[in-house]
Amino acid sequence: MNKEIDCRKLDCPAPVLNTKKVLEAESIQSVSVLVDNDAAVENVSRFLSYQGYWVSVESEHGFSRVSGERNGENPAQIPKIDSEESPDEKVKTMVLVTSQFFGQGDDELGSGLMVNFLKTIGEMGDDLWRLVFVNSGVKLAVKDSKVISELKEIEKSGVDILVCGTCLTFFELMEEKEAGQTTNMLDIVTSMQLADKVIKI
């Protein structure tokens, strides 16, 4: 039996939360989630992958149908947000970037400082676990960003980069994102819980 969940006209993170609630309440072999924005498509797809569903997306009349079919194993190729780390893992530091500027005062100075910060953040070594971009911070993860090459290198090194889908949609940058995974507030809150240390910029 296929379970259909209508999440149209819902903003992030409601589509993911509604899907999570239904899947927790019932044992469902296949599910279809109806959404009407790109951020929800990516977020629901990732969530279903985490839960062990094979995911497909079809565009219909003004909305998308995100379908998941459970096959008993997790085919996701991206890091599982709610996975537990082994006790001997190093300290997990999450850096929350809330703006495209570093500090307050002069925007030109703040922009330069942020570029310098992200070009230097690799010095944190293995302690750097996850970079999360929200609000105007998402502008740093798009193709015209002065640090896009550095972010791609950081991602290649194994650091998770999460970019707020609601924020990308607000700034009309969803199609411009070139680094990181589109994320939602549920992932961000879960990341805060899992992190040993959270640094807000």
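Scan the stretch 14-44 residue by residue and report those that are over 15 Å from GLU58 (Cα atoms) and of a type in the set (D, E, K, R). Result: LYS20, LYS21, GLU24, GLU26. Provide a single number: the residues in the stretch 35-60 that are modelled with pLDDT under 85 and more than 16 Å from VAL22 (Cβ to Cβ). Looking only at that region, the number is 1. With respect to the conditions (1) within 22 Å of LEU128 (Cα to Cα); (2) touching a strand residue (DSSP E or B) at 6+ places or on another chain (Cβ under 7 Å); (3) modelled with pLDDT of 90 or more, VAL91 lacks only one, and its number is (3). Meeting the requirement of 3 or more residues that are touching a residue at least 60 places away in the same chain (Cβ under 8 Å) and of a type in the set (A, V, I, L, M, F, W, C), no strands (runs of 3 or more DSSP E) wholly within the stretch 1-74 can be named. When the residues of the stretch 94-107 are filtered to those that are modelled with pLDDT of 95 or more and either in contact with a His (Cβ under 6 Å, 6 or more places away or on another chain) or outside any loop (DSSP other than H, G, I, E, B) (or both), which remaining residue is farthest from MET192 (Cα to Cα)? Only one residue fits best here, namely VAL97.
Residues checked against (1) in contact with a helix residue (DSSP H, G or I) (Cβ under 9 Å, 6 or more places away or on another chain); (2) crowded, with 22+ Cβ neighbours inside 10 Å; (3) assigned by TED's automatic domain parsing to the domain that holds LEU168:
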site: PRO15; (1), (2), (3): yes, yes, no
site: GLU26; (1), (2), (3): no, no, no
site: ALA40; (1), (2), (3): yes, yes, no
site: VAL44; (1), (2), (3): yes, yes, no
site: PHE47; (1), (2), (3): yes, yes, no
site: VAL55; (1), (2), (3): yes, no, no
site: GLU60; (1), (2), (3): no, no, no
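State all residues of the stretch 118-151 that are surrounded by fewer than 17 Cβ atoms within 10 Å (Cβ to Cβ) and at pLDDT below 95; if no residue qualifies, say none. Selection gives LYS119, THR120, GLY122, GLU123, MET124, GLY125, ASP126, ASP127, LYS143, ASP144, LYS146, SER149. For the stretch 170-193, residues that are among the aliphatic types (A, V, I, L, M), under 11 Å from the mean Cα position of the chain (by Cα) and in a loop (DSSP other than H, G, I, E, B) total 1. Residues in the stretch 159-169 that are in contact with a strand residue (DSSP E or B) (Cβ under 9 Å, 6 or more places away or on another chain) and either among the hydrophobic types (A, V, I, L, M, F, W, C) or outside any strand (DSSP E or B) (or both): VAL159, ILE161, LEU162, VAL163, CYS164, GLY165, CYS167, LEU168.
The values are calculated or read from the model by the stated rules, or taken from the named source; none is laboratory data. Treat the numbers as computed from the prediction; the structure is a model and nothing was measured. All Cβ positions, even for glycine, are placed from backbone atoms using ideal geometry, and neighbour counts span all protein chains on display.
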